[in-house]
Structures are given as structure tokens and as C-alpha cells.
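Worksheet: the structure to be examined is printed underneath.
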Amino acid sequence: MARAFAKIAFTPGVQAVQTRMGSRHAYRSVDMGESEAVALTSFETEFIRSRDSFYQGTVGENGWPYVQHRGGPIGFLKVLDARTIGYADFSGNRQYISVGNLEGDARVSLFLMDYPGQRRLKIWGHARLIDKDSEPALIARLASPDYPARIERGVLITVDAFDWNCPKFITPRFTERELNALVDDGLGQPAPRRQRGGAGPHG
Ligand SMILES: Cc1cc2nc3c(=O)[nH]c(=O)nc-3n(C[C@H](O)[C@H](O)[C@H](O)COP(=O)(O)O)c2cc1C
């Protein structure tokens, strides 16, 4: 898996900086990682299904990167299989920047935060926009039944790589729901930080 991530992220320019800054040798092992095969495990799946938001980066036809926040009910980012995730895109301010970008360039980068657990997951993939009239069955799989927002389309993402980042500098923050759960628990300790997100060398 690490190799798939390195293939996308460690461009020649990035490698040159790593060489200049003396970290290239440390990351060579990532380039040479076990395999290029990409598959979300049950660990990533559980993490993705627990999110109520994520950040999505797309590329405009002028080359500018563009980041948008996506929010919804917990689990609105669905895991369909080990290589496929997706979500229902709700109608909103009608700027259509992300959609317009994806029509020109399918590459997408997702950034998923778990503030209480101090974990973050990056996902790279290719997105396909799903028309709600021509693929209703797929839209139904991407929908969150009790969420009142109107669905305009689906966004189906084939995962090309993912990478966990270290927990450093992530300030624990809690949603109202998470705070209420802590209060109901008698103000116990926040969920223990799990190692997987912090295990890698990547910042
Ligand atoms: C009435 C309304 C409801 C919205 N609901 C959601 C929502 O549930 N989730 C979300 O991520 N964005 C929501 N948005 C934000 C819009 O979808 C926003 O238009 C979209 O994120 C813009 O995408 P873009 O920057 O890629 O053009 C809403 C906006 C409006 C005006």
C-alpha cells in the first residue's frame, strides 16, 4: 500500500527536496513498500464510516487546487468495497466548483479528521459523477435515508492510495454529540488514541 501512496505523492520534485533535506533515505523504504495493491481494511472502513465530515481537494482546469468541506450525517461517506467509496452530493449554493473540476479532472484527494482520536487519513482517488436519474440503485446505496437534504448526484471514488498521518499537533476537539456522550459517561476520559493513525513516519 505504501508504494501506491509514494507513487502519487513522491514526485521527482518532492524526492529532490527529500534528498536536499536528508530525509530521502528514510522514505526510500516507503517507495519500495510491500506492494502497490490498495485495499481499505476493516480499520479504514470503520474510520471512514464514523466521520461526519471531510475535506475534498480537486484540481481546476487552470491547475489551481481547490478544497471544499463536505458535511453530513455520520457515515454519509460510504465504503462500498475495499477500493470504492462515495457519497451523495446534496444541493447547495450552486457554485459547482468541485463538480466542474471533477468533470475536467477526475483526480480527488480526501482528508478525513478524527479530532478526539487525533487521527487523520488521506485518500487519493478518481471520482465518477453519478447521475441520479440514470443510476438510481447506486444513488440509493450512497444516500443516508434520514438526512433531509436533496441529493443532486452521487460521487463515486475509486481509491488509488491512502495514508495515515501522525497525531502530532491535532488538538482534540469534540462535537456536541461527542461531548454529550462524555457527559453521559460521567465525564470519563475521551476515547483512547488508537495507534494505527500515528504509527507511520508521515507528518
Ligand atoms: C441550503 C444549503 C444546504 C447545504 N447542505 C450541505 C450539506 O448537507 N453538506 C455539505 O457538505 N454542504 C452543504 N451545503 C454546501 C453546499 O453544498 C455547497 O454549495 C457546496 O459544498 C459547494 O461546493 P463547491 O465549493 O464545490 O462548489 C449546503 C448549502 C446550502 C446553501
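So what is the 222 nm mean residue ellipticity for the chain from helices alone, if each DSSP H run of at least 4 adds -39500 (n - 2.57) and you divide by all residues, rounding to the nearest 500 deg cm²/dmol? Could the numbers behind the result be given before it?
Details: 7 runs with 58 residues, N = 203.
The per-residue figure over the chain is -8000 deg cm²/dmol.
GNM, the chain, Cα, under 10 Å: largest mean-square fluctuation among Asp133, Asp81, Asp160?
Result: Asp133 has the largest fluctuation of those listed.
For Arg28 and Val14 in the same chain, what is the full-extension length gain: residue separation times 0.36 nm, less their Cα-Cα distance, in nm? Write down the numbers at each step before the final one.
Working: separation 14, 0.36 × 14 = 5.04 nm, distance 1.23 nm.
The span from Arg28 to Val14 would gain 3.8 nm if fully extended.
Rounded to whole Å, give me the distance from the Cα center of the range 27-75 to that of the range 141-162.
14 Å
Give the whole-number value, in cubic angstrom per residue, of the convex hull volume spanned by the C-alpha atoms of the chain.
Values: hull volume 28.8 nm³, N = 203.
Output value, Cα hull per residue: 142 Å³.
Please work out how many pairs of lysine residues in the chain are eight or more positions apart (or on different chains) and have Cα atoms closer than 20 angstrom. Mind showing how you got there, number by number?
Values: Lys7/Lys122; Lys78/Lys122; Lys78/Lys132; Lys122/Lys168.
For the chain, qualifying lysine pairs total 4.
Could I get the Rg over Rh figure for the range 15-122? Both from C-alpha atoms, Rh via Kirkwood, rounded to two places.
Working: Rg = 16.6 Å, Rh = 16.2 Å.
For the range 15-122, the value is 1.02.
Roughly how many Å² is the accessible area per residue of the range 37-165, as a whole number, for a 1.4 Å probe? Spell out each step's value before the answer.
Values: 6150 Å² over 129 residues.
Spelled out: the 1.4 Å probe surface of the range 37-165, per residue, equals 48 Å².
For the range 83-129, what is the charge dipole size about the Cα centre, in debye to the nearest 20, if Lys and Arg each add +1 at the Cβ and Asp and Glu each add -1 at the Cβ?
Working: 7 positive and 4 negative charges, 38 e Å.
It works out to roughly 180 debye.
Considering only protein heavy atoms and a 1.4 Å probe, what is the carbon-and-sulfur percentage of the accessible area of the chain? Mind dumping the intermediate values first?
On the way: 6180 of 11470 Å².
Whole-percent figure for carbon plus sulfur exposure: 54.
Highest mean first, how do 82-91, 53-62 rank when packing is the count of other Cβ atoms within 10 Å averaged over residues?
Values: 82-91: 19.0, 53-62: 15.8.
Descending packing order for the listed peptides: 82-91, 53-62.
Out of Arg24, Arg51, Arg141, any idea which swings most in a Gaussian network model of the chain, alpha carbons joined below 10 Å?
In this elastic network of the chain, the residue with the biggest mean-square fluctuation among Arg24, Arg51, Arg141 is Arg24.
The values are calculated or read from the model by the stated rules, or taken from the named source; none is laboratory data. Keep in mind that what you see is a predicted model, and the values were worked out from it rather than measured. All Cβ positions, even for glycine, are placed from backbone atoms using ideal geometry, and neighbour counts span all protein chains on display. Keep in mind that these areas ignore ligands, DNA and RNA; they rest on the heavy atoms of the full protein, side chains included. Shrake-Rupley method; radii C 1.70, N 1.55, O 1.52, S 1.80 Å.
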